[in-house]
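The values are calculated or read from the model by the stated rules, or taken from the named source; none is laboratory data. From a predicted model like this one, the values you see are computed outputs, not experimental measurements. Note: ideal-geometry Cβ built from the backbone for every residue, glycine included; neighbour counts use all protein chains shown. Quick note on the areas: whole protein, heavy atoms, side chains included, nothing else; ligands and nucleic acids left out. Shrake-Rupley method; radii C 1.70, N 1.55, O 1.52, S 1.80 Å.
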Amino acid sequence: MRILALVPGGIGDQILFFPTVADLKKYYPQAQIDVVVEPRAVGAYRVCAEVDQVFPFDFKDRNSLADWGNLLGSIREREYEAVLSLGQRSLVGLFLWLTGIPKRVGYAGGGKIFLTDAIPLNANQYAGALYHDLLKGFGINTPCPNPKLTLARQDLDWAIAEQQRLGLAGQGYLVLHGGSSTLAKLKGLQKVYPVEKWAIVLRAIREQRPNLPFVVVQGPDDAEFVAELRKSNLDFLVVQPPDIGKLAAIIAGADLMLCTDSAPMHLAVASGTRTIALFGPFEPAKLLPADDRFIGIKAQGADVATIPPQEIIDRLFGR
């Protein structure tokens, strides 16, 4: 069986889709599962063993009819037997119908007339469960599991080498991902927690766990954050993973992850690492599974910077 999934969104959206892919593979173990995702999200499938091929397509770009036609032609050539889509616009159903794929699963809406299986949209739940609902179109009615990832041997080896380089071999550590201010500003979202407030939290942890190493993840947009954190006179190590797989491997080896609502947060959840994540405009219950290992702290308004450091400290130590 050949199955195609259209999954718009970023890295986090793909990881939230992992439980759907995993259960689809569980019930159809011989199936080939391919996905069409935005170029920025292709890297997510480095840590997903259930997907065979990943095809990039910028759903949010101003695509011409020729662009959509090329995508349609590529899909039709591969003769898929089933397709599911996370898209909720009325034109999604029409596009699925035009692919000629016999089984077409999507959310009920304006385009449901073009679907063979229209699934009611329940947006008031964990996003992973929302995506997992599409499996009802395949007769699968199991609860949504937590996302899980698969680490490649080369990514594990890289993480082990980094741990040895940093003097972390054989011991636990805390990972901090402060958030990308550049990306947040581009999206118009207040998702960056101030460096001085992170420093307060880290000092409180140091008092309780003086021997716990701090590892700060530095991505392409995080140099300013790391430079500012150095001014706090805190002792910490810096790691710069070159891709999603190696970042996931570093996070998987940690005792605790501190972060804002971000792609690394979803990697931490998928690796089973205890996580405390800070939320501004979005609700934690929709982006974190109901699991005691994963704690979401919501700002009173839309700006994550308004969360008091003491609230983080209290939740961390169970006060």
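Under the condition of being hydrophobic (A, V, I, L, M, F, W, C) and open to solvent by 20 Å² or more (accessible area, probe 1.4 Å), which residue from region 248-276 is nearest to the chain's Cα centre (by Cα)? Restricting to residues being hydrophobic (A, V, I, L, M, F, W, C) and open to solvent by 20 Å² or more (accessible area, probe 1.4 Å), the top hit is Ala263. Take Gln190 and decide whether it is farther than 24 Å from Leu316 by Cβ and either at pLDDT 95 or above or open to solvent by 80 Å² or more (accessible area, probe 1.4 Å) (or both). Answer is no for this residue. Scanning region 271-291 for residues that are free of Cβ contacts under 8 Å to residues at least 40 places away in the same chain, touching a helix residue (DSSP H, G or I) at 6+ places or on another chain (Cβ under 7 Å) and either among the aliphatic types (A, V, I, L, M) or in a loop (DSSP other than H, G, I, E, B) (or both) turns up just one, Ala277.
Yes or no: Leu234 in a loop (DSSP other than H, G, I, E, B), touching a helix residue (DSSP H, G or I) at 6+ places or on another chain (Cβ under 9 Å) and either open to solvent by less than 10 Å² (accessible area, probe 1.4 Å) or at pLDDT 90 or above (or both)? Yes.
Conditions (1) in contact with a Pro (Cβ under 9 Å, 6 or more places away or on another chain); (2) over 24 Å from Arg2 (Cβ atoms); (3) touching a residue at least 60 places away in the same chain (Cβ under 8 Å), marked per residue:
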{"site": "Tyr80", "(1), (2), (3)": "yes, no, yes"}
{"site": "Leu86", "(1), (2), (3)": "yes, no, yes"}
{"site": "Lys103", "(1), (2), (3)": "no, no, no"}
{"site": "Gly111", "(1), (2), (3)": "no, no, no"}
{"site": "His132", "(1), (2), (3)": "yes, no, yes"}
{"site": "Phe138", "(1), (2), (3)": "no, no, yes"}
{"site": "Gln163", "(1), (2), (3)": "no, yes, yes"}
{"site": "Gly170", "(1), (2), (3)": "no, yes, no"}
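Per the conditions (1) closer than 21 Å to Pro19 by Cβ; (2) not in a strand (DSSP E or B), the sole criterion not satisfied by Gly106 is (2).
In the set (1) closer than 20 Å to Leu130 by Cα; (2) in contact with a helix residue (DSSP H, G or I) (Cβ under 7 Å, 6 or more places away or on another chain); (3) open to solvent by 30 Å² or more (accessible area, probe 1.4 Å), the condition left unmet by Lys26 is number (2).
For region 1-94, give me every one of the strands (runs of 3 or more DSSP E) that falls completely inside it and has 1 or more residues that are modelled with pLDDT of 95 or more and under 18 Å from the mean Cα position of the chain (by Cα).
In region 1-94, 2-7, 32-37, 53-56 are the strands (runs of 3 or more DSSP E) which contain 1 or more residues that are modelled with pLDDT of 95 or more and under 18 Å from the mean Cα position of the chain (by Cα).
Taking region 134-169 as the range and being under 18 Å from Tyr107 (Cα atoms), in a helix (DSSP H, G or I) and not aromatic (Phe, Trp, Tyr) as the test, the residues that pass are Leu134, Leu135, Lys136, Gly137. Hydrophobic (A, V, I, L, M, F, W, C) and surrounded by fewer than 15 Cβ atoms within 10 Å (Cβ to Cβ): does that describe Ala302? Yes; evaluated as a whole, the condition is true for this residue.
Check Leu202 against each of (1) within 30 Å of Ser232 (Cα to Cα); (2) surrounded by 15 or more Cβ atoms within 10 Å (Cβ to Cβ); (3) modelled with pLDDT under 95 and name the one condition it does not meet. Checking Leu202 against (1) within 30 Å of Ser232 (Cα to Cα); (2) surrounded by 15 or more Cβ atoms within 10 Å (Cβ to Cβ); (3) modelled with pLDDT under 95, the one that fails is (3). Taking the criterion of being open to solvent by 20 Å² or more (accessible area, probe 1.4 Å), under 20 Å from Ala268 (Cβ atoms) and outside any helix (DSSP H, G or I), the residues of region 305-319 that qualify are Phe317, Gly318.
Within region 117-129, the presence of at least one residue that is surrounded by 15 or more Cβ atoms within 10 Å (Cβ to Cβ), in a loop (DSSP other than H, G, I, E, B) and at pLDDT 95 or above is confirmed. In the set (1) touching a Leu at 6+ places or on another chain (Cβ under 6 Å); (2) in a helix (DSSP H, G or I), the condition left unmet by Leu247 is number (1).
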